[in-house]
Amino acid sequence: MLVGELTASPAPTILLPPMLEETVQILANDRDSDLYFRLVVRAPRVAPLVQPGQFAHVRVLPMKATLLRRPFSIFQVAGDTFSILYKAVGQGTEVLSRMPPGEELSVIGPLGRGFTVPQPGAETPLLVAGGYGMAAMYLLAQRSPQRGIVFVGGRRRVDILCEDEFRALGWQVRVATEDGSHGEMGLVTQPLLAELRRGTDGKKLFACGPTPMLKAVGKIADEFQLPAELSMDEHMCCGVGVCLTCVIPVKAGDGWEYQRTCTEGPVFDSRQVAWEVEK
Amino acid sequence: MLVGELTASPAPTILLPPMLEETVQILANDRDSDLYFRLVVRAPRVAPLVQPGQFAHVRVLPMKATLLRRPFSIFQVAGDTFSILYKAVGQGTEVLSRMPPGEELSVIGPLGRGFTVPQPGAETPLLVAGGYGMAAMYLLAQRSPQRGIVFVGGRRRVDILCEDEFRALGWQVRVATEDGSHGEMGLVTQPLLAELRRGTDGKKLFACGPTPMLKAVGKIADEFQLPAELSMDEHMCCGVGVCLTCVIPVKAGDGWEYQRTCTEGPVFDSRQVAWEVEK
Amino acid sequence: MNLSVQIGRLTLQNPVMVASGTFGYGIEYAQLLDLNQLGAVTVKGIRLHPVRGNATPRTAEVTSGMLNAIGLQGPGVDGFIRKYWPFLKALKVPTLINVWGTTVEEYAEVARRFDALGDVGALELNVSCPNIKEGGAQFGTDVKLLSQVVTACRQATTLPLITKLSPNVVSIAPYAKAAEDAGSDALSIMNSYPAMAIDIETRRPKLANITGGLTGPCIKPIAIKLVWEAAKAVKIPIIGMGGIQTAADAIEFILAGATAVAVGTANFYEPQTALQVIAGIREFLVRNGIADVRKIVGCLLAGER
Amino acid sequence: MNLSVQIGRLTLQNPVMVASGTFGYGIEYAQLLDLNQLGAVTVKGIRLHPVRGNATPRTAEVTSGMLNAIGLQGPGVDGFIRKYWPFLKALKVPTLINVWGTTVEEYAEVARRFDALGDVGALELNVSCPNIKEGGAQFGTDVKLLSQVVTACRQATTLPLITKLSPNVVSIAPYAKAAEDAGSDALSIMNSYPAMAIDIETRRPKLANITGGLTGPCIKPIAIKLVWEAAKAVKIPIIGMGGIQTAADAIEFILAGATAVAVGTANFYEPQTALQVIAGIREFLVRNGIADVRKIVGCLLAGER
Ligand SMILES: Cc1cc2nc3c(=O)[nH]c(=O)nc-3n(C[C@H](O)[C@H](O)[C@H](O)COP(=O)(O)OP(=O)(O)OC[C@H]3O[C@@H](n4cnc5c(N)ncnc54)[C@H](O)[C@@H]3O)c2cc1C
Ligand SMILES: Cc1cc2nc3c(=O)[nH]c(=O)nc-3n(C[C@H](O)[C@H](O)[C@H](O)COP(=O)(O)OP(=O)(O)OC[C@H]3O[C@@H](n4cnc5c(N)ncnc54)[C@H](O)[C@@H]3O)c2cc1C
Ligand SMILES: Cc1cc2nc3c(=O)[nH]c(=O)nc-3n(C[C@H](O)[C@H](O)[C@H](O)COP(=O)(O)O)c2cc1C
Ligand SMILES: Cc1cc2nc3c(=O)[nH]c(=O)nc-3n(C[C@H](O)[C@H](O)[C@H](O)COP(=O)(O)O)c2cc1C
Ligand code: FES
Ligand code: FES
């Protein structure tokens, strides 16, 4: 949607993806494993607009002295509902995990620039996901007409989410856990490297997970000269591009500039990320 | 209880009534009429200590950005429970009114200096109550071996609480409402004046309600030269005497001083209250 | 019912604007609310040249508020005019340009550039940003420098000038007076308050910049007091801000002496806030039988119990 | 595990005390917690003569905090000694006397009286109360007056002297330094911040005094910053306070540079707070394998990413 359409201006120059604010009702909010939960909401206006890799900015209304929204990747979309897969890590997610069906949340979404969905005949997608990063990866796998391989990693067995669901989509799944309790023992980049050593032709990487993992995937993409799209995880206030909180260093011209993960991202071409800029 | 007992000090000089902090469970929290609710809590440690006119300082835990406790007169005591009769007027009482049985509150109590319970053969008690002031009056009526008359007043019929319960205790009840929807039309001081004009011998006034009502009762006590005990309503922070928020002007020597309603009160001898001090 | 107010020669259709740095350049929120309903849009602080801003993390959440140390990232005057001005110019409501610089001359130069642009609603001189080493708060905590900045800008433009004061002073009255005397048409009160938070597990400050500015509902009682004090000291209108979430908050500022108000941090968690505040002010006036919002500006009843 | 810390020549068994004006004279809380577990008890501000205090309403609740304008009601030195000292003297933990006056001489006279009393733990000079017309903050926002007060008290007593600084200054460093140079053994940071709230229905200020002091969790980020800044400026220990509710809050102050902390407003809603904070600090040290709380004082890792 062109923002210019909203005004009488003859000079609309900035393209913004469609977004809106919606009060949504919780349909389900169940524990998946350990500290992970799946939240399903009825969001007839937001749900149809979602692209893989986009996120919803959620206001957990019962929090009173904690005001900001929390960003979550959109995990699944079905009819007029969408769901998120979240880990209870702090105040917001803990309060969220105790909210029963029927209660309401305020959502702004869908937000951000998502992944490029692989088109038929394009590169074979290799998805790399750590922890709750599997959420964004799932929607990408589901929407991708091209099947590929998902590499999922985590600390322990409980951090491996929706493995069966990836298989049900017809994707291969390679699992690694740091404690070896499930799949290969070690980091998720190990099975990825093994796969790439077998050949890199026509492959493309997509990754979502903790920043060290993204950095490792970026380095691997560099080494093997493969395209890679990384979904970056930064703290966000507004989620819509006004506050300039969520920036990462991105190459620009001869140097670099700060770009917003909520607007120019969260998905960035790995070649653009200026990892070397020290904070 | 002598605080001195708590220390090795040989010079304990200040008497403080027993109080404690207790986490209590909500047993019932039902609407009485209109905006009035009755809350029953299991408070095995606080309940046995309560004297009529004392209050509980209640922390409504789900309030997050609103931190202070709320004071409520203790309405009824039964076994290891006590109840309060409260009106939902603002943030705290509204949140409280939505708390279901089973949830917990933190209570400090019983606090303050209560009413002098009429002893057999002493003056006939005339209780004057407005709105939620009926709560404190009920416990006094129940604990008083001497029966008397309760004058209850309010804006409308819904502001007249526990009328039947006063009657069940064997007390006479005279009702006045400002809109005439129940009992006499007008202020509660009208039936009181009518009663006093019939004779004042051996009568003593006890009052709890809005400040203008207390002031009127104080004036009537003065005119008829009757003893009166008034339960004063002031905003409170600590409830235990440390913050000096809740003070009212009280006569002292030739002049007056600020005394704490939470500690020297809430019940004051009406002759002591320095109404004439302008704020 | 009149909601319109006057800031210098600028007329606002209602007294509720959005605060600089919390609303980008307007366009970002265009899909979420009707910008043409606002009193005005104030854009993020602009200096002459593009600014990269501070390292991250740039914000931290604190009790009933947040810290930020963005470091005034921005596209500079030219970048702004190219990227955002066509959109803003087409709005029916005025745009306020939040201006800063590292020298008095830079403030004046930016003022001149916007004067030449035409159609700008007003300039808001940010002499109170706590998050940059040069410029910003240094001008706002020194009465002489403050006078110089305002005087220089006054000479550079005929646009309405609003001086955005720092809360971080012993008494705000002399600063308010100095801005008025130097030709400011209005004051904005307040900017964020210098503050800090520490992550006890990593033992690091939560902000890369170590310190940042505190905003949100937690600062409202400080802001109300500053507006009240400044209103007693000057005759020019005041734009009150700091923690506004509801119409009641806005009315508190207006009673304290603010002619208009701005919604800041609340935009981040509830983009509809400004519109809700406008509706709520209207309701309050109706309920109290007041036909004009200007009738309640500064109408605090104090000392007359 | 060592929790004890040193404030001048005074040893505290642990670094957690209660803040002046939020704990009365100790005795009021004696039934609700074991006072002998505290680092110290600080009593409500005392001047030479009894003080009636301000008119009511004296407090108002605000978002994540409160305003107060008590006006330092108190029994004066003699009244305090007669009514409260026998109880306090018998405690195993030191009592800190919060002292104020309307003249430099009065501060010194009160100091002399408490010096003569014996057994007092320390004097905390309150030069920062925002709620009285004479005295209080006027001494805390003028470096020269501050020096005079501290110097006069230093001459009047050999008791440890703690200067309680005002937050309401452009930079706290010169005040911290002035107090240190004049012989203060420690600093308390911070007192309440000047603020205000209005009841929009009655259009009156919520406090009879119009303005009051803001305290509670809402001010913590401001207090942390002031402690950090002061700690860089002086060598004497700092007692940090402002919004402490949890051990994490207290540890934030300690990392910023506080040797001890005080719990204030939180006492009102949760009298056990100070004891919970002590337990939590102990737990934090155990969890991090630190044997002595003094090892983390000022250990903020800043600028070394
Ligand atoms: C684009 C994007 C997509 C995300 N998708 C998911 C997802 O699908 N599932 C999921 O479980 N989590 C996801 N996260 C992380 C999620 O936003 C945080 O876990 C959550 O905000 C933590 O909130 P809290 O109140 O529980 O934690 P607290 O630590 O109490 O939060 C304090 C502040 O820090 C911010 N914060 C804390 N951790 C993170 C983090 N990792 N990333 C960003 N902000 C953070 C919070 O938003 C809040 O402002 C995503 C983050 C981003 C940026
Ligand atoms: C000794 C005493 C006994 C009381 N007994 C009862 C009772 O039995 N039943 C009952 O319904 N109410 C009683 N009250 C009043 C009750 O405390 C208030 O209605 C309640 O605190 C309102 O809280 P809120 O959060 O709903 O209102 P808000 O207006 O949101 O409260 C804001 C602040 O003002 C204070 N406050 C507001 N109204 C009053 C008031 N009338 N008195 C004191 N503080 C107030 C609150 O405690 C809080 O600190 C009593 C008050 C006192 C002092
Ligand atoms: C993230 C952020 C960025 C800000 N940037 C600016 C700015 O560029 N210029 C300015 O004058 N004020 C800036 N401010 C201050 C706000 O305009 C406003 O004065 C302050 O946030 C107080 O209002 P609030 O509590 O409603 O947010 C910024 C505030 C925030 C939170
Ligand atoms: C009701 C009240 C009364 C206070 N009285 C005094 C006082 O007498 N002397 C003083 O130095 N500080 C006084 N203070 C300030 C506190 O000691 C403390 O510095 C401040 O409250 C900040 O801490 P907090 O946010 O934990 O409350 C008072 C604070 C409150 C809330
Ligand atoms: S979160 Fe505000 S700009 Fe990205
Ligand atoms: S409420 Fe604190 S002294 Fe009475």
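Just a few scattered comments:
Residue by residue, here is whether (1) within 9 Å of chain B (Cβ to nearest Cβ); (2) more than 16 Å from ligand 3 (Cβ to nearest atom); (3) not aliphatic (A, V, I, L, M) holds:
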| position | (1), (2), (3) |
| --- | --- |
| D:Gly8 | no, yes, yes |
| D:Val18 | no, yes, no |
| D:Gly24 | yes, yes, yes |
| D:Asp34 | yes, yes, yes |
| D:His49 | no, yes, yes |
| D:Gly53 | yes, yes, yes |
| D:Asn68 | yes, yes, yes |
| D:Tyr84 | yes, yes, yes |
| D:Lys89 | yes, yes, yes |
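- Unique residue being in a loop (DSSP other than H, G, I, E, B) and acidic (Asp, Glu) when the list is C:Glu283, C:Glu201: C:Glu201
- Of all residues in region B:256-275 being charged (D, E, K, R) and away from ligand 4 (no atom under 16 Å from the Cβ), the one that is surrounded by the most Cβ atoms within 10 Å (Cβ to Cβ): B:Glu264
- Top-ranked residue of region A:242-255 - restricted to ones that are of a type outside the set (A, V, I, L, M, F, W, C) and surrounded by fewer than 22 Cβ atoms within 10 Å (Cβ to Cβ), ranked as nearest to C:Pro57 (Cα to Cα): A:Pro249
- From the list A:Pro100, A:Pro125, A:Pro118, the one residue that fits, being touching a Leu at 6+ places or on another chain (Cβ under 9 Å), assigned to a loop (DSSP other than H, G, I, E, B) and more than 16 Å from ligand 5 (Cβ to nearest atom), is A:Pro118.
- Listed by position, the strands (runs of 3 or more DSSP E) enclosed by region C:1-60 that each have at least 2 residues that are under 24 Å from C:Lys83 (Cβ atoms) are C:16-18, C:40-42.
- Identity of the residue in region A:178-211, among the hydroxyl-bearing types (Ser, Thr, Tyr) and assigned to a loop (DSSP other than H, G, I, E, B), that ends up surrounded by the fewest Cβ atoms within 10 Å (Cβ to Cβ): A:Ser181
- Filtering D:Phe268, D:Phe284 for residues that are within 12 Å of another protein chain (Cβ to nearest Cβ) and within 27 Å of B:Arg69 (Cα to Cα) leaves a single hit, D:Phe268.
- Scope region D:51-94; condition under 18 Å from the mean Cα position of the chain (by Cα) and crowded, with 22+ Cβ neighbours inside 10 Å; matching residues: D:Gly65, D:Met66, D:Leu67, D:Asn68, D:Ala69, D:Ile70, D:Gly71, D:Leu72, D:Gly74, D:Leu88, D:Pro94
- Residue match in region A:191-212 (condition: away from ligand 2 (no atom under 16 Å from the Cβ), within 17 Å of A:Trp275 (Cα to Cα) and within 14 Å of another protein chain (Cβ to nearest Cβ)): yes
- Those residues of region D:188-221 which are over 18 Å from D:Ile70 (Cα atoms), within 7 Å of chain C (Cβ to nearest Cβ) and crowded, with 24+ Cβ neighbours inside 10 Å, in sequence order: D:Pro217, D:Cys218, D:Lys220, D:Pro221
- Of all residues in region A:219-274 being among the acidic types (Asp, Glu) and closer than 19 Å to A:Val117 by Cα, the one that is nearest to ligand 6 (Cβ to nearest atom): A:Glu264
- Residue in region B:35-42 that is surrounded by fewer than 24 Cβ atoms within 10 Å (Cβ to Cβ), in contact (Cβ under 8 Å) with a residue 12 or more places away in the chain and more than 26 Å from B:Gly130 (Cβ to Cβ) present: yes
- Taking the conditions (1) outside any helix (DSSP H, G or I); (2) away from chain C (no Cβ under 11 Å); (3) within 17 Å of the chain's Cα centre (by Cα) in turn, D:Gln245 satisfies each one other than (2).
- Residue satisfying all of: in region C:10-25; over 23 Å from A:Leu244 (Cα atoms) and polar (S, T, N, Q); surrounded by the most Cβ atoms within 10 Å (Cβ to Cβ) among these: C:Asn14
- Restricting C:Glu304, C:Glu283 to those that are modelled with pLDDT under 95 and over 18 Å from the mean Cα position of the chain (by Cα) reduces the list to C:Glu304.
- Matching residues, region A:33-68, being within 14 Å of chain B (Cβ to nearest Cβ) and of a type in the set (Lys, Arg): A:Lys64
- Check on B:Leu214, aliphatic (A, V, I, L, M), more than 16 Å from ligand 4 (Cβ to nearest atom) and assigned to a loop (DSSP other than H, G, I, E, B): no
- Within region A:69-91, considering residues that are out of contact with any Asp or Glu (no Cβ under 6 Å at 6 or more places or on another chain), under 23 Å from C:Asp199 (Cβ atoms) and surrounded by fewer than 20 Cβ atoms within 10 Å (Cβ to Cβ), the one farthest from the other protein chains (Cβ to nearest Cβ): A:Lys87
Conditions tested, residue by residue: (1) among the aliphatic types (A, V, I, L, M); (2) farther than 28 Å from C:Ala223 by Cβ.
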{"residue": "D:Ile222", "(1), (2)": "yes, no"}
{"residue": "D:Trp228", "(1), (2)": "no, no"}
{"residue": "D:Pro237", "(1), (2)": "no, yes"}
{"residue": "D:Ala256", "(1), (2)": "yes, no"}
{"residue": "D:Thr259", "(1), (2)": "no, yes"}
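- Residues of region B:218-232 classified as part of a loop (DSSP other than H, G, I, E, B) and either free of Cβ contacts under 8 Å to residues at least 60 places away in the same chain or within 16 Å of ligand 5 (Cβ to nearest atom) (or both), total: 4
- Hits in region C:204-242 (condition: part of a strand (DSSP E or B) and within 16 Å of ligand 1 (Cβ to nearest atom)): C:Arg204, C:Pro205, C:Gly212, C:Leu214, C:Thr215
- Test for D:Asn36: is it more than 15 Å from ligand 6 (Cβ to nearest atom), buried (at least 24 other Cβ atoms within 10 Å of the Cβ) and closer than 30 Å to D:Val277 by Cα: no
- Screening region B:233-246 for residues that are free of Cβ contacts under 8 Å to residues at least 24 places away in the same chain and out of contact with any strand residue (DSSP E or B) (no Cβ under 6 Å at 6 or more places or on another chain) and picking the one that is farthest from ligand 1 (Cβ to nearest atom) gives B:Leu244.
- When B:Thr200, B:Thr211, B:Thr261 are checked against the criterion of being hydroxyl-bearing (Ser, Thr, Tyr), under 15 Å from D:Thr56 (Cβ atoms) and in contact (Cβ under 8 Å) with a residue 24 or more places away in the chain, a single residue qualifies: B:Thr261.
The values are calculated or read from the model by the stated rules, or taken from the named source; none is laboratory data. Here the structure is a predicted model, which is why all the values come from computation and not from measurement. For neighbour counting, all protein chains shown are included, and Cβ atoms are generated from backbone atoms with ideal geometry for every residue, glycine included.
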